[in-house]
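Heads up: the structure comes next, in structure tokens.
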Amino acid sequence: MYFLRDFPLASFNTFGVAATARQFAVVSSEQALMRWCADHGKSTPPFLMGGGSNLLLTHDIEAPLLQLALRGARVVFDEGPTVLVEAMAGEPWHPFVLWTLKQGLCGLENLSLIPGFVGAAPVQNIGAYGVETAESCESVMTVNTQTGEPREFSNAECTFGYRDSVFKHGLDGVRDQYAITRVRFRLSRRFTPRLDYGELKQELKNAAITAPSAADVSRAVIAIRSRKLPDPAVIGNAGSFFKNPVVAADVAASLKSRFPTMPQYAAPDAQIKIAAGWLIEQAGWKGRRLGSAGVHSQHALVLVNHGGATGAALWTLARAVQADVQQKFGITLEPEPRVV
Ligand code: EPU
């Protein structure tokens, strides 16, 4: 594994913001990663990165930056209706989803067109249109960045939550303690459509599809996402910038009585999830800009780089949005991407 010095990261983060990695290495071998971590991980803890699609860089990275770019995907075992597949962390997510569909495997179709690499899927417990990674993730292979030792996390050990997992915090509160190298998914040859999300059901209905296949669902998700969410290849963004806040039922009821049109959804533990996009739109931010940093005009949950915005400018905008939502609704919005 070798390092490049003062490496520009603008094309390595989907916000397209300028920042520099003092030392940058592409990790394409698990053995090399283990060796480097054993030799250097403790003295110089690395900064880990995948596809850079869930990252806001507000300054340069001084720690050695490791981009996990291990490639490949394979069927581990195929017995009856259940099939275990393994993808390397650096596989781009959407092509991997399409590959599973081509193998006749179901379970990831609702997660089509999400940017980023496979390795980020368990970190964020990526979710969309009623399905989360946690439901099909069997286990996650990692390397302890402080010791170089491999460790497999079972699904339960990943402690998945809404856009959350153990990998976001590390077991000892150390971020980037575990570098994800491979992810295993338990998929099925039998298709059970997951159409709880109203817009997805409507999309299929509009296409006159009454008995959808997994590929039909994937195509419908691609159509919705393409319509609603800006393409990072065209305009810099990191998808939803804030998590949908989850509040206690009595708080939600009181908000509903003051704001009857507020979208609310049932969440685990009798809590209520509130649509952050709606809160931001009501706070008057949809389509607004502070210089080159803006709130997307089609979806208020997405911050965009109109061209040349710095990470600091995007963060200033995010803070202004947070402050207004806090003032109007008494709700604290939490960023979804990693803000550095
Ligand atoms: N809304 C507004 N104004 C807006 C945007 C949304 O009022 O500008 C309202 C919508 O009308 C709707 C509600 O907010 O009633 C929810 O909007 P949407 O269905 O678009 O979903 P979301 O909650 O904004 C979440 C995920 C997305 C995922 C979609 C579909 C989070 C933070 N975001 O968005 O994930 O694709 O649901 O499942 O949970 C991502 O994480 O980057 C991401 C795009």
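What to note about this one:
- Range of Cα positions in the chain per principal axis (Å), largest first: 58, 51, 38
- Considering only Cα atoms, the convex hull volume of the stretch 4-68 works out to 80 Å³ per residue.
- For the stretch 66-122, convex hull volume per residue from C-alpha positions, Å³: 78 Å³
- For the pair Ser188 and Ser29, a Förster radius of 41 Å applied to the C-beta separation gives a FRET efficiency near 0.80, rounded to the nearest 0.05.
- Note on Ala208 and Ala38: the model spin-label points, each 7 Å out from Cα along the C-beta direction, lie 6.3 nm apart.
- Counting charges near Gly80 (Lys, Arg +1; Asp, Glu -1) among other residues having Cβ under 13 Å from its Cβ returns a value of +1.
- Entry note, the chain: relative contact order of 17 percent, from Cα contacts under 8 Å with a spacing of 6+ residues.
- Rounded FRET efficiency, nearest 0.05, which uses the C-beta distance separating Arg175 from Gln298 and R0 of 45 Å: 0.90
- As computed over the stretch 103-206, the Cα convex hull volume per residue (Å³): 111 Å³
- Note that the stretch 317-333 has calculated 3J(HN,Hα) couplings of 4, 4, 5, 5, 5, 4, 4, 5, 5, 4, 5, 6, 10, x, 10, 8, 7 Hz, one per residue in order, obtained from phi through the Karplus relation 6.51 cos²θ - 1.76 cosθ + 1.60 (θ = phi - 60°); glycine and proline are x.
- Counting all C-alpha pairs of the stretch 157-284, share separated by more than 16 Å (%): 77 percent
- Semi-axis lengths (Å, descending) of the ellipsoid that matches the C-alpha gyration tensor of the stretch 193-240: 24, 10, 9
- Normalised by 2.2 N^0.38 Å, with N the number of residues, the alpha-carbon radius of gyration of the stretch 236-339 equals 1.08.
- Per residue, the accessible area of the stretch 4-68 comes to 43 Å², computed with a 1.4 Å probe over protein heavy atoms only.
- Mean Cα-pair separation over length for the stretch 236-339, i.e. relative contact order, pairs under 8 Å, 6 or more apart, %: 31 percent
- The chain - percent of accessible surface contributed by carbon and sulfur, probe 1.4 Å: 52 percent
The values are calculated or read from the model by the stated rules, or taken from the named source; none is laboratory data. Computed from a predicted model, the values in this text were never measured in an experiment. Cβ atoms come from the backbone with ideal geometry, glycine included; neighbour counts cover every protein chain shown. Side chains are part of the model used for accessible areas, which takes the heavy atoms of the whole protein and leaves out ligands, DNA and RNA. Shrake-Rupley method; radii C 1.70, N 1.55, O 1.52, S 1.80 Å.
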